[in-house]
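Structure first, then comments.
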Amino acid sequence: MKALVAVKRVVDYNVKVRAKADGSDVELNNVKMAINPFCEIAVEEAVRLKEAGTVSEVVVVSVGEKSSQEQIRTALALGADRGIHVEVEGRPEPLEIAKLLKGVVDKEQPQLVILGKQSIDGDNNQTGQMLGALANMGQGTFASEIKVDGDSLQVIREVDGGLQTLKLTLPAIVTTDLRLNEPRYASLPNIMKAKKKPLEVTNPAELGVEVKSHVTQLGVAPPPERAAGIKVEDVAQLVDKLKNEAKVIS
Amino acid sequence: MPAPLLSRRDLEFYLYEMFDVEALATRQRYEDHNRESFNAALDIAEKIAEDYFVPIRKTVDLNQPDWDGEKVVMIPEIKIAYDAVAEAGLICPDQSYEMGGMQLPLVVTSCAMGYITAAASTTNGFHALTAANANLLETHASEEQIETWVPRLRTGEFAGTMALSEPQAGSSLADMRTKAVAQDDGTYRIFGNKIWISGGDHELSSNIVHAVLARIEGAPPGVKGISMFICPKFLLNEDGSVGARNDVQLAGLFHKMGGRGQTSTALNFGEGEGAVAYLVGEPHQGLRYMFHMMNEARVMVGTSGATLAMAGYQYSLDYAKERPQGRKASSKDPLADPVMLIEHADVRRMLLAQKAYAEGAWSLCLFASQLVDDWKTHPDEVGRTGAFELLDFLTPIVKTWPSEYGPKANDFAIQVLGGAGYTNEHPVELMYRDNRLNPIHEGTTGIQSLDLLGRKVPQNGLAGYQACLSAIESTLEAAEGVADCAPMLIALQNALGHLKSTTEVLLGSMLERDIDLVMANSAKYLELFGHVVVGWMWLRQGLIAAQALTAECHSDDTAFYRGKLQSMLYFARWELPQTKVWADLLSDLDDTTYTMEAAWF
């Protein structure tokens with residue numbers, strides 16, 4: 001069984017994100033980039049399934065600029081077998097990514113597609129679901145446990161009320177939640193071995209997908225700084241301010 | 001968000017701008033490498049440091065290793081971190097692929113391991129010593145011995161030590177008494193007591209391989225009669241499995257000011273029939289072999305001193321930016337908002353001193369790592385021998401300046417935090433305590449200074465000394481006409497002049513005057529030389545920064561390079577002028593300390 005894992009290059013979760021001085025975008029100069037944490041969990045799950053003998057090959061795919069190959073190679077160092085880089089300029093939105101992944105799914109015919117539930121930069125939580133619709137596959141989102149059982153897949157999902165168990169027919173799509181697993185660390189020797197693993201580069205035209213953006217980013221601004229507090233004279237003044245200035249009570 | 005252990009921007013400055021490690025990919029050993037794999041190594045080391053070492057830093061300090069009369073007891077977290085380092089391949093990133101390494105250039109290895117040192121300098125000491133022990137065996141042991149021991153040391157299955165000091169012979173190895181008795185089967189039995197053996201006993205690995213110095217019966221006295229032996233804690237069975245306990249007993253643990261992640265032990269060899277040991281190389285050559293390891297260990301000690309200085313600087317810098325306290329002298333309104341600590345000029349003075357010491361020392365240590373690399377992998381013979389000559393000459397300075405000025409930087413870090421820095425709520429006092437070992441072990445500052453003045457300067461017709469001076473002079477030439485570097489150019493030229501004239505006086509006096517008097521102030525000579533060398537490193541950094549600023553830079557980069565230039569200025573204006581005072585004392589053969597008598601104290 002072949003597993004396809006999608007990974008996204010994002011600003012490392014440890015980095016304090018800043019807006020550019022001109023407010024046009026997020027500052028990326030000298031900023032450490034990494035695999036989106038939820039995608040890392042997706043890679044780990046696929047590698048574990050391979051180690052358990054359930055999956056025979058783990059293919060990792062990333063849609064993005066050339067630098068995304070770094071994240072593919074990180075996934076290869078974590079245990080994936082080969083990589084596919086779909087090279088696009090700029091920052092594609094979820095629907096474009098889903099369409100491109102659909103192209104890869106058509107070509108690779110995986111039985112299982114694992115994605116992070118959302119990326120920590122866009123926070124859209126859309127790509128997996130859109131891919132499910134485009135590829136006409138069942139989807140188990142926010143997975144905290146998955147188990148392959150013959151032709152089907154059991155997915156335990158984290159939902160508001162607790163845990164929900166689904167049974168999906170393969171091929172299927174899974175998006176990972178935080179508690180699915182704890183990703184391993186790549187080892188230094190495996191980083192070097194990953195350099196020898198195949199990494200295929202393709203593009204939207206080769207996949208027969210037209211990339212068209214529907215969203216324009218107007219600006220990026222940091223949250224307003226909290227203003228200094230003031231001392232009120234008495235309770236009456238406090239109530240007055242809460243009522244008329246802050247308007248939090250009526 | 002917590003303070004970073006180290007500044008990644010700064011590490012990248014050394015790697016890609018100052019030491020140009022990407023160019024190393026043209027050497028066969030490093031052909032698989034590029035910036036991406038270097039950064040990946042840094043990423044992994046940083047993660048392991050943050051996930052496994054930072055969280056236990058304080059616990060380790062509060063729970064030093066204990067001896068229950070039978071074995072060493074340590075908190076279990078140390079073993080978890082020990083294993084994580086081994087699994088990530090961080091015991092020996094610089095070693096060959098076949099040995100489980102990554103063939104990472106040493107400069108990059110130093111930066112990667114810097115993260116672990118910054119997080120918990122001493123807990124990783126087990127692995128650092130093991131790597132050094134394996135390097136020693138790989139160079140001097142027989143093929144069979146290498147096959148038996150080295151691969152298992154490289155994976156961390158076995159740990160390694162070096163056992164030199166004895167109760168009556170610490171720095172003075174000539175007085176060593178431990179005895180080795182030859183057996184009919186070609187092995188030896190060792191009898192004697194060793195102390196201060198770091199990692200001498202613990203339960204982290206299935207075996208411990210001691211590299212022991214001892215005298216074969218009938219050997220000549222002094223350092224010429226010392227041989228080196230492999231003496232394991234457990235003997236190996238025919239099939240290589242770990243077998244019976246050897247006659248090496250833990251006699252006790254030392255309880256230290258810092259460094260509490262690492263055991264420091266007293267070991268008794270041969271309480272019974274003698275500890276089984278295997279001679280390494282030729283008899284009576286042990287000290288020479290050990291010094292092979294010692295030179296690496298000395299660079300490692302300097303690097304540790306510099307790294308802890310960097311870590312303390314980052315921590316106190318972050319604190320000074322976040323902590324509001326007091327108002328400026330110019331502020332007349334007592335109700336005005338307090339300013340951040342960093343707004344106070346005196347706090348910036350202490351931060352700048354730390355930056356100047358830490359980054360000056362760190363760049364010197366990375367330069368030494370680059371020389372080690374060139375000595376081993378430079379494509380041409382001249383490059384290799386030149387690198388070795390300069391490295392050999394600089395070793396006492398690389399060991400000493402960072403380990404003397406590193407704790408000074410940590411002292412400022414504590415001061416920046418004030419009372420908070422004096423408590424264990426913050427790690428700066430721990431860094432100071434950990435760092436305080438560095439001027440002591442692997443040859444004290446005093447011993448290093450005797451080595452520099454008595455041996456390294458005069459040896460081979462001043463070859464190493466001249467090589468060092470001409471390297472400095474070529475940087476001075478390159479700095480001519482660079483406006484941003486002008487104050488440093490003048491300050492360093494002056495300091496270099498003081499160094500040269502002092503050296504001439506001292507070398508001349510060695511032939512005519514009481515040698516004990518000439519050597520009496522050697523520690524100051526080393527400090528003077530150290531300042532010149534670190535000033536040189538700052539000028540090199542300043543030249544890169546000045547050049548970078550001529551192009552259009554991102555505002556973050558402009559700030560970074562301005563910071564480098566300002567630190568260089570600090571070193572030029574506040575530090576280098578002191579060389580004049582020291583040079584005067586030295587050139588006058590000042591005898592104030594020399595003529596002081598014991599009875600007068």
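So the values come out like this:
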quantity: Test: residue A:29 is under 20 Å from residue B:554 (Cβ atoms), within 14 Å of another protein chain (Cβ to nearest Cβ) and out of contact with any Leu (no Cβ under 8 Å at 6 or more places or on another chain); calculated: yes
quantity: Residues satisfying the stated conditions in the stretch B:81-107, i.e. facing chain A (nearest Cβ under 7 Å), over 13 Å from residue B:153 (Cα atoms) and of a type in the set (Gly, Ala, Ser); calculated: B:88
quantity: Selection count where residues are at pLDDT 95 or above and within 21 Å of the chain's Cα centre (by Cα), scope the stretch A:154-177; calculated: 10
quantity: Complete set of residues in the stretch B:188-236 that are of a type in the set (Asp, Glu) and open to solvent by less than 10 Å² (accessible area, probe 1.4 Å); calculated: B:201
quantity: First in the stretch B:237-255 and farther than 29 Å from residue B:144 by Cβ, second anywhere and in a strand (DSSP E or B) and not acidic (Asp, Glu), Cβ under 6 Å, 6 or more apart; calculated: B:251/B:266; B:251/B:268; B:252/B:266; B:253/B:67; B:253/B:265; B:254/B:264
quantity: Unmet criterion (only one of (1) outside any helix (DSSP H, G or I); (2) touching a helix residue (DSSP H, G or I) at 6+ places or on another chain (Cβ under 7 Å); (3) more than 10 Å from chain A (Cβ to nearest Cβ)) for residue B:69; calculated: (2)
quantity: Residues (farther than 16 Å from residue B:71 by Cα, out of contact with any Pro (no Cβ under 8 Å at 6 or more places or on another chain) and open to solvent by 50 Å² or more (accessible area, probe 1.4 Å)) located in the stretch B:245-265; calculated: B:256, B:257
quantity: Filter result (within 14 Å of chain B (Cβ to nearest Cβ) and either among the charged types (D, E, K, R) or part of a helix (DSSP H, G or I) (or both)) within the stretch A:70-88; calculated: A:70, A:71, A:72, A:73, A:74, A:75, A:76, A:77, A:78
quantity: Failed criterion for residue B:36 (all others in (1) open to solvent by 30 Å² or more (accessible area, probe 1.4 Å); (2) more than 11 Å from every other protein chain (Cβ to nearest Cβ) hold); calculated: (2)
quantity: Filtered residue count, the stretch B:318-332, keeping only those that are more than 14 Å from every other protein chain (Cβ to nearest Cβ) and surrounded by fewer than 22 Cβ atoms within 10 Å (Cβ to Cβ); calculated: 10
quantity: Residue within the stretch B:45-55 that is in a helix (DSSP H, G or I), open to solvent by 70 Å² or more (accessible area, probe 1.4 Å) and in contact with a Phe, Trp or Tyr (Cβ under 7 Å, 6 or more places away or on another chain) present; calculated: yes
quantity: Test: residue B:594 is surrounded by 14 or more Cβ atoms within 10 Å (Cβ to Cβ), farther than 28 Å from residue A:27 by Cα, over 25 Å from the mean Cα position of the chain (by Cα) and of a type in the set (Phe, Trp, Tyr); calculated: yes
quantity: Qualifying position, being in contact with a Cys (Cβ under 6 Å, 6 or more places away or on another chain) and of a type outside the set (S, T, N, Q), among B:266, B:297, B:277, B:309; calculated: B:277
quantity: Sole exception among (1) over 24 Å from residue B:5 (Cα atoms); (2) more than 10 Å from chain A (Cβ to nearest Cβ); (3) of a type outside the set (Ser, Thr, Tyr) for residue B:56, by number; calculated: (1)
quantity: Some residue of the stretch A:213-227 being at pLDDT 95 or above and either closer than 30 Å to residue B:103 by Cβ or among the charged types (D, E, K, R) (or both); calculated: no
quantity: Single match in A:91, A:48 (criterion: within 26 Å of residue A:135 (Cα to Cα), away from chain B (no Cβ under 14 Å) and in a helix (DSSP H, G or I)); calculated: A:48
quantity: Close pairs from the stretch A:187-215: first within 28 Å of residue A:94 (Cβ to Cβ) and among the small types (Gly, Ala, Ser), partner in a loop (DSSP other than H, G, I, E, B) and open to solvent by less than 60 Å² (accessible area, probe 1.4 Å), Cβ under 8 Å, at least 6 apart; calculated: A:194/A:186; A:213/A:90; A:213/A:92; A:213/A:93
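This table checks each residue for (1) under 18 Å from residue A:92 (Cβ atoms); (2) open to solvent by less than 70 Å² (accessible area, probe 1.4 Å); (3) free of Cβ contacts under 8 Å to residues at least 12 places away in the same chain.
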| site | (1), (2), (3) |
| --- | --- |
| A:110 | no, yes, no |
| A:113 | yes, yes, no |
| A:119 | yes, yes, no |
| A:145 | no, no, no |
| A:173 | no, yes, no |
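Rundown of residues vs (1) open to solvent by 10 Å² or more (accessible area, probe 1.4 Å); (2) closer than 29 Å to residue B:450 by Cα; (3) touching a residue at least 60 places away in the same chain (Cβ under 8 Å), yes/no style:
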| residue | (1), (2), (3) |
| --- | --- |
| B:312 | no, no, yes |
| B:334 | yes, no, no |
| B:341 | yes, no, yes |
| B:349 | yes, no, no |
| B:358 | no, yes, no |
| B:366 | no, yes, yes |
| B:383 | yes, yes, no |
| B:388 | yes, yes, no |
| B:403 | no, yes, yes |
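The values are calculated or read from the model by the stated rules, or taken from the named source; none is laboratory data. Note that the coordinates shown come from a computational prediction; the quantities given were computed from them, not determined experimentally. Because the Cβ atoms are built from the backbone with ideal geometry, glycine has one as well, and the counts that use them run over all protein chains shown. These accessible areas exclude ligands, DNA and RNA; they are computed on the full protein's heavy atoms, side chains included. Shrake-Rupley method; radii C 1.70, N 1.55, O 1.52, S 1.80 Å.
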